[in-house]
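Here's the structure we're looking at; comments come further down.
The values are calculated or read from the model by the stated rules, or taken from the named source; none is laboratory data. As the structure is a computational prediction, the values presented were derived from the model and not from experiment. Here Cβ is always computed from backbone atoms with ideal geometry, including for glycine, and neighbour counts include all displayed protein chains. Protein only, heavy atoms only, side chains kept; ligands, DNA and RNA dropped before computing areas. Shrake-Rupley method; radii C 1.70, N 1.55, O 1.52, S 1.80 Å.
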Amino acid sequence: MSGLSIEELKPVPGILSSARLIRGTISSLTGDRVEVQTGEGAPRYLSLEAGGDEARGLQPGGAVEILVNDRDEIVAYQRPADQPPTKVFRGSLGRTFNPQKERVTIRLDTGRDVGFYARAVAMEKLAALEVGETADFAVDRAYLLVDVLSLGKPRYLKVGSSPRAPQRQAEGDFVTIGDGRMRLRMKIDDIQSFPVRPLLQPAIEQLAPNESVSVYLDEQGQVIDMVRTSGR
């Protein structure tokens, strides 16, 4: 996250809508492992090393808050506090994610691409995102990505069925993209230009010239989703 201001990132203290916060009591500490009783039947186990500063001062009998994702995996924890252990911001995948490199490029709504490192618990979810797919991302206190929630692809919604659904669809051959607009050849002598949402631009930039695509437009005429149609 080098060179990025907090004002530009605009993270909001909170947890993803798919996550939940569990409260428990520490029953024992053994080496790197912290055993926590949460009333769920089986105890939860935390890593002191993974907890960083939040792990300092933990003692048996002490209270702890554990954040788990929609797969019931632990993504963060902390001692009881007024705010949750993560902050959330919205963006889109800026380029194809390679889990072996642990670094993911996210396009902010300002149009800026920013690199983040991710914890292992978030790798599989990040790898499942398409380039240009909008999502809410959760970072821990070290600003490492720990969870992600895709907001879905507008093309899967029926045109005009909801505010999030595209209002119309257009098909053509990709010409170029620049200054926030993409150009499509609709017919041999008809090239049209469409404004593109900043979060979707990384996906458009990967298109090859003359590649056939279907684009989905919102009520302002902006491209909010795209799918390749070549070879269909």
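With respect to Arg164, is the statement that it is closer than 30 Å to Ile191 by Cβ, of a type outside the set (Gly, Ala, Ser) and either in a strand (DSSP E or B) or at pLDDT 90 or above (or both) true?
no
Name the residue that is least open to solvent (accessible area, probe 1.4 Å), counting only residues in the stretch 16-30 that are small (Gly, Ala, Ser) and within 17 Å of Gly57 (Cβ to Cβ).
Gly24
What number of residues within the stretch 12-33 satisfy the criterion of being closer than 23 Å to Tyr143 by Cα and either of a type in the set (Gly, Ala, Ser) or touching a residue at least 24 places away in the same chain (Cβ under 8 Å) (or both)?
Of the residues in that region, 12 qualify.
Search the stretch 197-222 for residues being under 13 Å from Glu133 (Cα atoms) and not small (Gly, Ala, Ser), and hand back the single one that is most open to solvent (accessible area, probe 1.4 Å).
Arg197
With respect to Thr96, determine if the residue is assigned to a loop (DSSP other than H, G, I, E, B), more than 18 Å from Leu151 (Cβ to Cβ) and among the polar types (S, T, N, Q).
Criteria met by Thr96.
It is to be established whether one or more residues within the stretch 84-102 are surrounded by fewer than 15 Cβ atoms within 10 Å (Cβ to Cβ) and at positive phi.
no
Kindly indicate whether any position in the stretch 184-193 is at pLDDT below 90, part of a strand (DSSP E or B) and basic (Lys, Arg).
yes
Please indicate, with yes or no, whether at least one residue in the stretch 121-141 is open to solvent by less than 80 Å² (accessible area, probe 1.4 Å), more than 26 Å from Glu73 (Cα to Cα) and either more than 12 Å from the chain's Cα centre (by Cα) or among the hydroxyl-bearing types (Ser, Thr, Tyr) (or both).
no
Quick one: in the stretch 149-182, which of the residues that are in contact (Cβ under 8 Å) with a residue 60 or more places away in the chain and either of a type in the set (Asp, Glu) or touching a Phe, Trp or Tyr at 6+ places or on another chain (Cβ under 7 Å) (or both) is least open to solvent (accessible area, probe 1.4 Å)?
Pro154
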